[in-house]
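Chemist: Please find one structure pasted underneath; my questions will follow.
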Amino acid sequence: MKKYTPIVLRIIVAFILIQTLRLKFTAHPDSVYIFETIGLEPIGRIGIGILELLAGVLLLIPKTVWAGAILTVGLIGGAIMMHLTQLGIEVNNDKGILFITAIVTFVLSAILVFMYKKDIPIIGKKI
């Protein structure tokens with residue numbers, strides 16, 4: 001089981017990132033509402049969507065897992081901060097599902113950063 005844990009975590013995080021792209025790239029009303037609320041519609045919605053796509057792809061490539069995980073921690077950390085400062089825990093009566101998903105994604109990607117820390121160029125070998 002220990003052998004499969006990293007790949008399972010990578011697939012879960014990549015799936016979460018990639019499945020939300022549909023909402024961002026099709027201008028779903030909930031996605032537009034979120035980015036209008038934080039003042040980043042439409043450039044932020046599309047730009048963050050592209051970065052999430054990149055993070056998801058990087059997570060699926062063995063040599064770039066560390067980069068995808070670090071990028072995900074940054075992106076989702078920003079999303080969590082937006083929830084805590086501007087959006088609130090519940091967005092459009094979603095019962096906090098979006099916030100909980102962000103927390104889970106953040107934690108799993110932080111675990112991946114830890115698991116793949118030795119692969120990080122320059123600093124990885126020193127850790």
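The values are calculated or read from the model by the stated rules, or taken from the named source; none is laboratory data. Treat the numbers as computed from the prediction; the structure is a model and nothing was measured. Heads up, the Cβs are rebuilt from the backbone with ideal geometry, glycines too, and the neighbour counts pull from every protein chain shown. Side chains included, ligands, DNA and RNA excluded: accessible areas come from the protein's heavy atoms. Shrake-Rupley method; radii C 1.70, N 1.55, O 1.52, S 1.80 Å.
Chemist: Would you call I43 at pLDDT 95 or above, among the hydrophobic types (A, V, I, L, M, F, W, C) and out of contact with any strand residue (DSSP E or B) (no Cβ under 9 Å at 6 or more places or on another chain)? Don't jump to the end; show me each part of the working.
Modeler: Details: at pLDDT 95 or above: yes; among the hydrophobic types (A, V, I, L, M, F, W, C): yes; out of contact with any strand residue (DSSP E or B) (no Cβ under 9 Å at 6 or more places or on another chain): yes.
So I43 fits the description; yes.
Chemist: So, in the range 112-127, exactly how many residues are touching a helix residue (DSSP H, G or I) at 6+ places or on another chain (Cβ under 7 Å), surrounded by fewer than 10 Cβ atoms within 10 Å (Cβ to Cβ) and at pLDDT 90 or above?
Modeler: Going through the range 112-127 one residue at a time, the tally reaches 0.
Chemist: Then there's this: I'm trying to understand the selection: among the residues of the range 12-24, which are open to solvent by 90 Å² or more (accessible area, probe 1.4 Å) and among the hydrophobic types (A, V, I, L, M, F, W, C)?
Modeler: Residue satisfying the conditions is F15 alone.
Chemist: Is it the case that some residue within the range 95-105 is in contact with a Pro (Cβ under 7 Å, 6 or more places away or on another chain), in a helix (DSSP H, G or I) and not charged (D, E, K, R)? Explain how you work it out, then say what you get.
Modeler: Going residue by residue through the range 95-105, those that are in contact with a Pro (Cβ under 7 Å, 6 or more places away or on another chain) are none.
No, every residue in the range 95-105 fails to be in contact with a Pro (Cβ under 7 Å, 6 or more places away or on another chain), in a helix (DSSP H, G or I) and not charged (D, E, K, R).
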